[in-house]
Amino acid sequence: MRTFADITGEVERRLAAGERVALVLLDAFGLRFLERHDDHPLVRLLDVTPLQTQTPSTTTAHIPTLHFGMPVTEHGLYEWNLYEPSLNAVIVPFLFARAGEKPGSLLKEGFDVQRLSPGPSLYRRLEAGGIRSASFGPDRIAGSPFGSVALDGSSMHPF
(Lines give C-alpha, C1' and ligand atoms only; values in the text may rest on other atoms or scores of the structure.)
Protein backbone atom coordinates (compact mmCIF):
# COMPACT_ATOMS: atom_id res chain seq x y z
CA MET A 1 0.00 0.00 0.00
CA ARG A 2 1.19 3.49 -0.76
CA THR A 3 1.81 5.87 2.08
CA PHE A 4 1.20 9.58 2.53
CA ALA A 5 4.96 10.09 2.19
CA ASP A 6 4.77 8.79 -1.40
CA ILE A 7 2.61 11.67 -2.62
CA THR A 8 5.42 14.08 -3.44
CA GLY A 9 7.33 11.48 -5.46
CA GLU A 10 4.18 10.63 -7.39
CA VAL A 11 3.56 14.31 -8.16
CA GLU A 12 7.14 14.72 -9.37
CA ARG A 13 6.89 11.53 -11.49
CA ARG A 14 3.68 12.68 -13.16
CA LEU A 15 5.04 16.16 -13.85
CA ALA A 16 8.23 14.70 -15.35
CA ALA A 17 6.01 12.63 -17.65
CA GLY A 18 4.37 15.84 -18.89
CA GLU A 19 1.12 15.54 -16.96
CA ARG A 20 -0.61 18.50 -15.37
CA VAL A 21 -1.21 17.89 -11.68
CA ALA A 22 -3.64 19.43 -9.23
CA LEU A 23 -3.01 18.26 -5.69
CA VAL A 24 -5.76 19.07 -3.24
CA LEU A 25 -5.15 18.59 0.46
CA LEU A 26 -8.17 18.44 2.72
CA ASP A 27 -6.72 18.22 6.19
CA ALA A 28 -8.43 15.61 8.40
CA PHE A 29 -10.47 14.30 5.45
CA GLY A 30 -10.08 10.54 5.74
CA LEU A 31 -11.17 7.68 3.52
CA ARG A 32 -14.18 6.96 5.75
CA PHE A 33 -15.52 10.45 5.15
CA LEU A 34 -14.99 10.06 1.41
CA GLU A 35 -16.78 6.69 1.41
CA ARG A 36 -19.67 8.18 3.37
CA HIS A 37 -20.17 10.71 0.56
CA ASP A 38 -19.47 8.37 -2.36
CA ASP A 39 -22.80 9.31 -3.96
CA HIS A 40 -21.71 12.95 -4.43
CA PRO A 41 -21.15 13.81 -8.15
CA LEU A 42 -17.64 15.13 -7.50
CA VAL A 43 -16.60 12.10 -5.47
CA ARG A 44 -17.89 9.78 -8.22
CA LEU A 45 -15.44 11.47 -10.64
CA LEU A 46 -12.42 10.84 -8.43
CA ASP A 47 -9.87 8.12 -8.95
CA VAL A 48 -9.00 7.44 -5.31
CA THR A 49 -5.84 5.68 -4.19
CA PRO A 50 -6.01 4.86 -0.47
CA LEU A 51 -2.88 5.87 1.43
CA GLN A 52 -1.48 4.62 4.68
CA THR A 53 -1.06 7.48 7.11
CA GLN A 54 2.14 8.30 8.95
CA THR A 55 2.52 7.93 12.67
CA PRO A 56 1.63 10.10 14.36
CA SER A 57 -1.37 10.99 12.22
CA THR A 58 -1.20 14.73 12.84
CA THR A 59 -1.28 17.84 10.69
CA THR A 60 2.16 18.78 11.97
CA ALA A 61 3.59 15.48 10.69
CA HIS A 62 1.84 15.47 7.33
CA ILE A 63 2.12 19.06 6.12
CA PRO A 64 5.96 19.13 6.08
CA THR A 65 5.92 15.68 4.44
CA LEU A 66 3.79 17.04 1.63
CA HIS A 67 5.68 20.31 1.14
CA PHE A 68 9.22 18.96 1.55
CA GLY A 69 8.80 15.45 0.19
CA MET A 70 10.15 13.49 3.11
CA PRO A 71 8.52 11.30 5.75
CA VAL A 72 8.09 12.47 9.32
CA THR A 73 11.03 10.25 10.35
CA GLU A 74 13.29 12.50 8.26
CA HIS A 75 11.89 16.00 8.80
CA GLY A 76 11.21 15.49 12.54
CA LEU A 77 8.18 17.77 12.85
CA TYR A 78 5.78 15.33 14.43
CA GLU A 79 3.58 17.17 16.91
CA TRP A 80 2.10 20.60 17.59
CA ASN A 81 4.50 21.17 20.52
CA LEU A 82 8.16 20.15 20.13
CA TYR A 83 11.26 20.48 22.22
CA GLU A 84 13.81 22.66 20.39
CA PRO A 85 17.26 21.87 21.85
CA SER A 86 18.90 25.06 20.56
CA LEU A 87 16.42 27.09 22.61
CA ASN A 88 16.08 24.61 25.49
CA ALA A 89 12.35 25.22 25.14
CA VAL A 90 9.13 23.68 23.89
CA ILE A 91 7.97 25.48 20.75
CA VAL A 92 5.01 25.42 18.38
CA PRO A 93 6.81 25.09 15.01
CA PHE A 94 3.91 26.16 12.77
CA LEU A 95 3.44 29.33 14.84
CA PHE A 96 7.13 30.08 15.42
CA ALA A 97 6.40 30.60 19.08
CA ARG A 98 7.40 29.17 22.40
CA ALA A 99 4.57 27.08 23.82
CA GLY A 100 2.05 29.38 25.48
CA GLU A 101 3.30 32.53 23.75
CA LYS A 102 1.80 34.55 20.91
CA PRO A 103 2.43 33.43 17.31
CA GLY A 104 5.67 34.84 15.94
CA SER A 105 7.32 35.34 19.33
CA LEU A 106 10.41 33.41 18.18
CA LEU A 107 10.77 35.68 15.17
CA LYS A 108 10.91 38.68 17.49
CA GLU A 109 13.82 36.92 19.22
CA GLY A 110 15.58 36.55 15.86
CA PHE A 111 14.86 32.82 15.36
CA ASP A 112 15.54 32.01 11.70
CA VAL A 113 12.53 30.31 10.06
CA GLN A 114 14.89 28.29 7.89
CA ARG A 115 16.03 26.36 10.98
CA LEU A 116 12.76 24.40 10.85
CA SER A 117 13.06 23.76 7.11
CA PRO A 118 14.25 20.21 6.42
CA GLY A 119 15.44 21.20 2.95
CA PRO A 120 14.22 22.85 -0.21
CA SER A 121 10.46 22.74 -0.70
CA LEU A 122 8.85 20.59 -3.37
CA TYR A 123 7.98 23.79 -5.23
CA ARG A 124 11.56 25.08 -5.17
CA ARG A 125 12.73 21.74 -6.61
CA LEU A 126 10.04 21.86 -9.30
CA GLU A 127 10.98 25.43 -10.15
CA ALA A 128 14.62 24.38 -10.57
CA GLY A 129 13.37 21.87 -13.15
CA GLY A 130 11.39 24.52 -15.03
CA ILE A 131 7.99 23.58 -13.59
CA ARG A 132 5.85 26.35 -12.15
CA SER A 133 3.48 25.71 -9.28
CA ALA A 134 0.76 27.63 -7.53
CA SER A 135 -0.58 27.20 -4.00
CA PHE A 136 -3.99 28.23 -2.77
CA GLY A 137 -4.85 28.30 0.91
CA PRO A 138 -6.13 30.32 3.82
CA ASP A 139 -4.26 33.59 4.21
CA ARG A 140 -3.31 32.74 7.79
CA ILE A 141 -1.27 29.84 6.38
CA ALA A 142 0.10 31.34 3.17
CA GLY A 143 1.20 34.45 5.03
CA SER A 144 2.65 32.62 8.02
CA PRO A 145 6.38 32.19 8.63
CA PHE A 146 6.08 28.42 8.17
CA GLY A 147 4.02 28.92 5.01
CA SER A 148 6.76 31.12 3.57
CA VAL A 149 9.25 28.26 4.04
CA ALA A 150 6.98 25.34 3.09
CA LEU A 151 5.50 27.04 0.01
CA ASP A 152 8.78 28.58 -1.17
CA GLY A 153 9.03 28.44 -4.95
CA SER A 154 5.28 28.42 -5.46
CA SER A 155 3.22 31.43 -6.39
CA MET A 156 0.96 31.83 -3.37
CA HIS A 157 -2.70 32.79 -3.71
CA PRO A 158 -4.20 33.27 -0.26
CA PHE A 159 -7.91 33.51 0.36
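The values are calculated or read from the model by the stated rules, or taken from the named source; none is laboratory data. None of these values were measured; they are calculated from a predicted model. Don't worry about glycine lacking a Cβ; one is built from the backbone with ideal geometry, like all the others, and counts go over all protein chains shown. When the accessible area is computed, the model is the full protein with side chains, heavy atoms only, and any ligands, DNA or RNA have been set aside. Shrake-Rupley method; radii C 1.70, N 1.55, O 1.52, S 1.80 Å.
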Rounded to the nearest 10, the angle in degrees between the Cα long axis of helix 59-68 and the longest principal axis of the Cα atoms of the chain comes to 80
Between the range 67-135 and the range 29-53, what's the alpha-carbon centroid distance in Å?
30
For the range 1-47, which whole-number percentage of the solvent-accessible area (1.4 Å probe, protein heavy atoms only) is attributable to carbon and sulfur atoms?
54
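Compute the Cα gyration tensor for the range 1-86, then decide on rounded, prolate or oblate, letting a ≥ b ≥ c be the square roots of its eigenvalues: rounded whenever a/c is under 1.5, prolate when a/b is larger than b/c in the other cases, and oblate in all that remain. All intermediate terms of the calculation are to be shown ahead of the outcome.
Details: a/c = 2.66, a/b = 1.44, b/c = 1.85.
Cα axes put the range 1-86 in the oblate bin.
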Based on DSSP H runs of at least 4 residues, each adding -39500 (n - 2.57), what is the mean residue ellipticity at 222 nm of the chain after dividing by all its residues, to the nearest 500 deg cm²/dmol?
-8000 deg cm²/dmol
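Sorted by packing (mean other beta-carbon atoms within 10 Å per residue), highest first, where do 18-24, 3-9, 149-155, 127-133 land?
Numbers: 18-24: 8.7, 3-9: 17.0, 149-155: 19.9, 127-133: 12.3.
The densest-packed peptide leads the list: 149-155, 3-9, 127-133, 18-24.
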Can you tell me the length gained on complete extension of the stretch GLN52 to GLU35, counting 0.36 nm per residue apart and subtracting the Cα distance?
4.5 nm
Binned at 10 Å from 0, what are the whole-percent values of the Cα-Cα distance distribution for the range 45-122, short to long?
18, 44, 27, 7, 3
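Does the range 115-159 classify as rounded, prolate or oblate by the C-alpha gyration tensor (a ≥ b ≥ c root eigenvalues; a/c under 1.5 gives rounded; else a/b over b/c gives prolate, otherwise oblate)? Could you put the intermediate results ahead of the total?
Values: a/c = 3.74, a/b = 1.23, b/c = 3.04.
Here the range 115-159 falls in the oblate category.
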With r as the distance between the Cβ atoms of HIS157 and VAL90 and R0 = 35 Å, compute the FRET efficiency 1/(1 + (r/R0)^6) and round to 0.05.
0.60
Could you grab the relative contact order for the chain? Cα pairs under 8 Å, six or more apart, rounded to a whole percent.
18
What do you get for the angle between helix 7-16 and the principal long axis of the chain? Use alpha-carbon atoms, 0 to 90 degrees, nearest ten.
60
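Take the alpha carbon gyration tensor of the range 89-138, find the square roots of its eigenvalues, order them as a ≥ b ≥ c, and report rounded if a/c is under 1.5; if not, report prolate when a/b exceeds b/c, else oblate.
On the way: a/c = 3.42, a/b = 2.26, b/c = 1.51.
Prolate.
Hey, got the dipole for the chain? About the Cα centre, +1 on K and R Cβ, -1 on D and E Cβ, debye to the nearest 20? Each step should come with its number before you reach the end.
Details: 15 positive and 18 negative charges, 38 e Å.
For this selection, approximately 180 debye.
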